[in-house]
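Asks: Can you read through this structure? Questions will come right after.
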Amino acid sequence: MKKTIVLGLGLTAVVLMLAAAIAWPREEHIASASPAAYAATPANIARGAYLARAGDCMACHTARGGPAYAGGRAIDTPFGRLLAPNITPDRDSGIGAWSADDFWRALHNGKSRDGRLLYPAFPYTSYTKVSRADADALYAYMQSIPAQKVASQPHELRFPYNQQIMLAGWRLLYFKPAVYADVAGQNAQWNRGAYLVEGLGHCVACHSSRNPLGASAGGLSGGMIHTLGWYAPSLTSDAEAGLGSWEVPHIVDLLQTGVSPRATVFGPMAEVVQQSLQHLTPPDVTAMAVYLKALPEDKAEPAEMPSGPQLDKVMAQGKELYGTHCIDCHGSDGKGLAPHYPPLDGNRALTMAESVNPIRIVLNGGFAPGTTGNPRPYGMPPFSHALNDYEVAAVVTYLRASWGNKAPPVTPSQVNRYRSVPLD
């Protein structure tokens with residue numbers, strides 16, 4: 001048995017090395033239009049600052065309480081911990097010695113200045129779609145921010161995931177550099193939205209499932225963000241967050257303010273709205289909304305609802321708890337008072353097959369982002385201190401199966417699983 005395992009591992013290593021030999025040279029270069037494209041002019045810097053907002057670069061490259069873009073924020077993965085590097089223009093510890101070509105190489109090809117392969121926690125699999133002109137403007141902006149002498153910390157990945165040869169094999173399987181190309185037959189607004197969603201916005205990084213090697217399944221079909229303990233819903237399923245039936249202004253409201261007559265954002269998406277989307281221009285957010293609304297919809301099969309005395313007992317307990325803790329805001333009919341108190345009747349955040357998000361919100365509270373369009377957001381208090389696992393399971397089960405909602409019940413063990421998951 002041991003010999004078979006060793007032989008299998010050896011063959012795997014040989015295959016990966018062959019793959020690496022093929023993958024390593026894969027690189028695409030597109031030259032700048034001219035040195036003026038990345039010169040430190042006010043126009044280039046302003047444009048780059050806007051694009052950095054669109055890409056939400058600060059979110060990963062800034063440790064909580066630390067200097068902007070100086071790195072240090074940890075990203076936990078199933079393969080170990082990655083630590084975001086310093087990308088300020090310090091020449092020793094940041095990217096001050098990088099050229100515009102070096103910067104383009106990182107965004108487009110996922111390679112550092114010295115040729116080292118970058119880990120795709122830096123979402124170059126999406127950023128590769130960014131145009132050279134936008135990359136140059138980003139470079140001009142990143143070279144203009146205050147330099148911070150903060151040494152980048154080494155990643156803490158387990159063997160063999162810390163080996164460049166393994167990463168080269170992964171890239172052969174899952175990465176091909178290519179700038180976004182307009183889709184024929186679609187208008188300029190749709191293509192602009194696709195460029196932002198698929199490229200700088202890197203929405204697929206969260207809204208997609210991942211295989212055992214951490215590669216995105218593609219599309220925006222939803223996925224569990226295991227390290228955060230939240231589910232990023234499908235943007236194509238009419239049973240999750242598919243937007244095909246929404247009016248475009250309501251999608252714009254949700255993306256830019258965090259609230260709309262149809263829904264409110266919570267959890268990791270609240271940070272995206274606050275740090276990134278609210279700062280985009282109305283035409284850009286509208287373009288994203290048009291693109292998202294036009295995504296092909298996956299029709300969901302109706303859920304099969306269980307029944308029986310035990311479920312009736314849970315529902316009765318959930319109704320009683322709802323009357324004690326929830327009814328004052330959300331109403332006896334579950335219609336709430338949008339946008340301050342989101343409706344529960346027909347709320348797809350409640351009725352998705354994956355129940356983690358409503359569990360997390362009941363346990364830890366629900367807080368919409370503070371934005372220019374919603375400067376004093378209403379929040380829902382946490383109930384983890386007031387309700388035990390059985391009670392949380394009962395009230396969430398009641399929410400998922402009342403007012404026409406039809407979603408399976410949740411169990412106390414599911415609640416317990418997420419009670420101790422950190423918020424960040």
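Asks: So, in segment 180-214, exactly how many residues are surrounded by 17 or more Cβ atoms within 10 Å (Cβ to Cβ) and either in a loop (DSSP other than H, G, I, E, B) or among the β-branched types (Val, Ile, Thr) (or both)?
Replies: The qualifying residues number 7.
Asks: Right, here's the next one. Any residue that is assigned to a helix (DSSP H, G or I) and farther than 30 Å from residue 176 by Cβ - is there at least one of those in segment 60-78?
Replies: no
Asks: Ok, one more. Any idea which residue in segment 242-280 is nearest to residue 381 (Cα to Cα), counting only those that are among the small types (Gly, Ala, Ser) and outside any helix (DSSP H, G or I)?
Replies: Here the answer is 267.
Asks: Yes or no: residue 218 closer than 26 Å to residue 132 by Cβ and at pLDDT 95 or above?
Replies: No.
Asks: Picking from 248, 273, which residue would you name as being touching a strand residue (DSSP E or B) at 6+ places or on another chain (Cβ under 7 Å) and either more than 22 Å from residue 368 (Cα to Cα) or touching a residue at least 40 places away in the same chain (Cβ under 8 Å) (or both)?
Replies: Sole residue among the options that is touching a strand residue (DSSP E or B) at 6+ places or on another chain (Cβ under 7 Å) and either more than 22 Å from residue 368 (Cα to Cα) or touching a residue at least 40 places away in the same chain (Cβ under 8 Å) (or both): 273.
Asks: Looking at 404, 323, which is the one that is part of a helix (DSSP H, G or I), surrounded by fewer than 21 Cβ atoms within 10 Å (Cβ to Cβ) and among the small types (Gly, Ala, Ser)?
Replies: None of the others qualify; the one that does is 323.
Asks: Here is a further query. Kindly check whether there is at least one residue in segment 304-311 that is surrounded by fewer than 22 Cβ atoms within 10 Å (Cβ to Cβ), outside any loop (DSSP other than H, G, I, E, B), out of contact with any Asp or Glu (no Cβ under 9 Å at 6 or more places or on another chain) and not aliphatic (A, V, I, L, M).
Replies: Scanning segment 304-311 turns up at least one residue that is surrounded by fewer than 22 Cβ atoms within 10 Å (Cβ to Cβ), outside any loop (DSSP other than H, G, I, E, B), out of contact with any Asp or Glu (no Cβ under 9 Å at 6 or more places or on another chain) and not aliphatic (A, V, I, L, M).
Asks: Going by the conditions given, is residue 375 closer than 23 Å to residue 252 by Cα, surrounded by fewer than 16 Cβ atoms within 10 Å (Cβ to Cβ) and either in contact (Cβ under 8 Å) with a residue 24 or more places away in the chain or not hydroxyl-bearing (Ser, Thr, Tyr) (or both)?
Replies: So residue 375 passes the test.
Asks: Here's something else I'd like to know. Within segment 74-92, which residues are within 17 Å of residue 142 (Cβ to Cβ) and surrounded by fewer than 18 Cβ atoms within 10 Å (Cβ to Cβ)?
Replies: 91, 92
Asks: Within segment 240-261, restricting attention to residues that are out of contact with any Pro (no Cβ under 8 Å at 6 or more places or on another chain) and over 19 Å from residue 196 (Cα atoms), which residue is modelled with the lowest pLDDT?
Replies: Checking each candidate, the answer is 245.
The values are calculated or read from the model by the stated rules, or taken from the named source; none is laboratory data. Quantities reported herein were computed from a predicted structural model and do not represent experimental measurements. Quick reminder, even Gly has a Cβ in these numbers, built from the backbone with ideal geometry, and neighbours come from all protein chains shown.
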